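The values are calculated or read from the model by the stated rules, or taken from the named source; none is laboratory data. Every value quoted in this text rests on a predicted model; they were computed, and no experiment measured them. A quick note on method: Cβ atoms are made from the backbone with ideal geometry, for glycine too, and the neighbour counts reach across all protein chains shown. To get the accessible areas, we keep the full protein, side chains included, count just its heavy atoms, and leave off ligands, DNA and RNA. Shrake-Rupley method; radii C 1.70, N 1.55, O 1.52, S 1.80 Å.
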Amino acid sequence: MERTLIIVKPDAVQRGLTGEIIKRFEGRGLKIIGMKLMQVDRELAEKHYDVHRERPFFAGLVEYIISAPVVVMTLEGSDAIVAARATIGATTPSEAAPGSIRGDFGLEIGRNLVHGSDSVENGEIEVANFFSEAELCGGWARDVDRWVFE
Ligand code: DAT
Ligand code: MG
């Protein structure tokens, strides 16, 4: 089972899309093993986006993610990384496929609604950055699992 860190970004929370976004991951069969509302501080934001530190958009990206509360989730599932990123859609919302979250609700790259980890390794790292082990219900028995996972 893979784990991915999902962030419902400030614009999505402010626009009242949190429930809609959770619904799409839940409907897909991904299992929520951690979830909380939080305001990200600058230190955590810079750590999360460290790979982009040298990019011209880094400062704006950090300001955006710390600007208002976010909902963070840890989702678990077979192929969770690829499945979640397909549900999220392309980085630039105006180019994202209709049916994806970004394709249905977004236009601009700087307001692209949701984050999802891009590899199994980064999923593990990002989940550990945002959640303590005590905050995760790892391995909880979801009765429907046998109808979702073969
Ligand atoms: P993704 O969020 O699809 O994984 P990414 O990891 O390449 O995309 O970039 C992280 C975020 O940084 C992205 O969600 C929006 C912002 N970003 C990326 N490229 C950008 C660009 N060229 N101009 C402005 N913001 C950008
Ligand atoms: Mg990324």
Check: Modelled label-to-label distance, residue 95 and residue 125, 7 Å Cα→beta-carbon offset: nm?
Finding: 2.4
Notebook entry, point to check: What's the FRET efficiency of residue 37 with residue 140 using the Cβ-Cβ distance as r and R₀ = 22 Å, to the nearest 0.05?
Noted result: 0.65
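Leaving out ligands, DNA and RNA, and with a 1.4 Å probe, what % of the accessible surface on the chain is carbon or sulfur?
About 52 percent, which is the carbon plus sulfur part of the accessible surface.
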Item checked: Debye, to nearest 20: dipole size of the stretch 2-148, +1 on Lys, Arg Cβ, -1 on Asp, Glu Cβ -> 400
Note to self: Among 113, 125, 82, which residue has its Cα furthest toward the positive end of the charge dipole of the stretch 2-148, with +1 on Lys/Arg Cβ and -1 on Asp/Glu Cβ?
What the structure shows: 113
Margin query: Given 25 °C and 0.890 mPa s, compute D for the chain with the Stokes-Einstein relation, Rh being the Kirkwood radius over Cα pairs; round to the nearest whole µm²/s.
Written below: 158
Checklist line | Convex hull of Cα atoms in the stretch 31-87, direction-averaged projection (nm²) | finding: 4.7
Margin query: If you restrict to DSSP beta bridges whose two residues both lie in the stretch 1-109, what percentage is antiparallel, to the nearest 5?
Written below: 95
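Sorting check: for 115-124, 57-66, which peptide has the highest mean count of neighbouring beta carbons within 10 Å, and how do the rest follow?
Highest mean packing first, the order is 115-124, 57-66.
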